[in-house]
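Presented below is the structure to which this report refers.
The values are calculated or read from the model by the stated rules, or taken from the named source; none is laboratory data. Note that the structure is a prediction, hence the values are computed from the model and not measured. Cβ placement follows ideal geometry from the backbone for every residue including glycine, while neighbour counts extend to all protein chains displayed.
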Amino acid sequence: MNDFDPRLDLQIQRDVALPPAKIWQAWTTPALLMQWFCPKPLQVVACDIDLRPGGLFRTVMQSPDGKDMPANEGTYLAIEPQRRLVWTNAFGPQFRPQPKPQNEHLGFFFVVDLTLQTLPSNGTRYRAKVMHQNEAAKAAHEAMGFEQGWGLALDQLVALMSQDDKSSSG
């Protein structure tokens, strides 16, 4: 599946030492997602997940000084348990078109296509591709620190879910 368009898309792809089930759990359980989803010292203070096509995906982040940021709200487009999760901020729940991005800090619409491929090592090839409607939106997202931010969030996900493995085996 090499559908990456370098003019419009950003992506992070990495092999991680977690099985797809653990990554899926971190992406679909609000209490877990809130612990890793944004790079620290930012934090997620609210999360709603209605895991079905047309269901709500919503997060509220908070700055280190305690200020809540506008909610990031969208809807799920496709769900293939432990393999693929696709969502967008262009639509709200029940696929209602959004008149404009709900979070003015983003200022653009996007679609995230997260794929999890099982590796022979019991690890996962993690790929998060973010598709934008035009080059300006892609450039704006890149300038916000997409690569570093999504990379740090993935590191936090792996650390959290690896810690869970250590505590359950001890």
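Looking across region 4-32, the residues that are among the basic types (Lys, Arg) and surrounded by fewer than 17 Cβ atoms within 10 Å (Cβ to Cβ) come down to Arg7, Arg14. Quick check: is even one residue across region 118-136 farther than 24 Å from Asp15 by Cβ, surrounded by 15 or more Cβ atoms within 10 Å (Cβ to Cβ), among the aliphatic types (A, V, I, L, M) and modelled with pLDDT under 95? Checking region 118-136: not a single residue is farther than 24 Å from Asp15 by Cβ, surrounded by 15 or more Cβ atoms within 10 Å (Cβ to Cβ), among the aliphatic types (A, V, I, L, M) and modelled with pLDDT under 95.
Return a yes/no flag: does region 101-109 have any residue that is in a loop (DSSP other than H, G, I, E, B), modelled with pLDDT of 90 or more and of a type in the set (Phe, Trp, Tyr). Yes, region 101-109 has at least one match. When you scan region 61-76, do you find a residue that is under 27 Å from Lys22 (Cα atoms), part of a strand (DSSP E or B) and among the hydrophobic types (A, V, I, L, M, F, W, C), even just one? Yes, because at least one residue in region 61-76 is under 27 Å from Lys22 (Cα atoms), part of a strand (DSSP E or B) and among the hydrophobic types (A, V, I, L, M, F, W, C). Here Ala153 meets the list (1) of a type in the set (A, V, I, L, M); (2) closer than 20 Å to Val44 by Cα; (3) not in a helix (DSSP H, G or I) almost entirely, failing just condition (3).
Just one of the numbered conditions (1) in a loop (DSSP other than H, G, I, E, B); (2) under 27 Å from Arg7 (Cα atoms); (3) not aromatic (Phe, Trp, Tyr) is not true of Gln82: (2). Considered as a group, the residues in region 33-73 that are free of Cβ contacts under 8 Å to residues at least 24 places away in the same chain and under 17 Å from Val86 (Cβ atoms) include one that is surrounded by the fewest Cβ atoms within 10 Å (Cβ to Cβ), and that residue is Ile49. Checking each residue in region 26-42 for being assigned to a loop (DSSP other than H, G, I, E, B) and over 13 Å from Gln62 (Cα atoms) picks out only Thr29.
Residues that are out of contact with any helix residue (DSSP H, G or I) (no Cβ under 8 Å at 6 or more places or on another chain), without any contact (Cβ under 8 Å) to a residue 40 or more places away in the chain, surrounded by 15 or more Cβ atoms within 10 Å (Cβ to Cβ) and of a type in the set (A, V, I, L, M, F, W, C) do occur in region 76-85.
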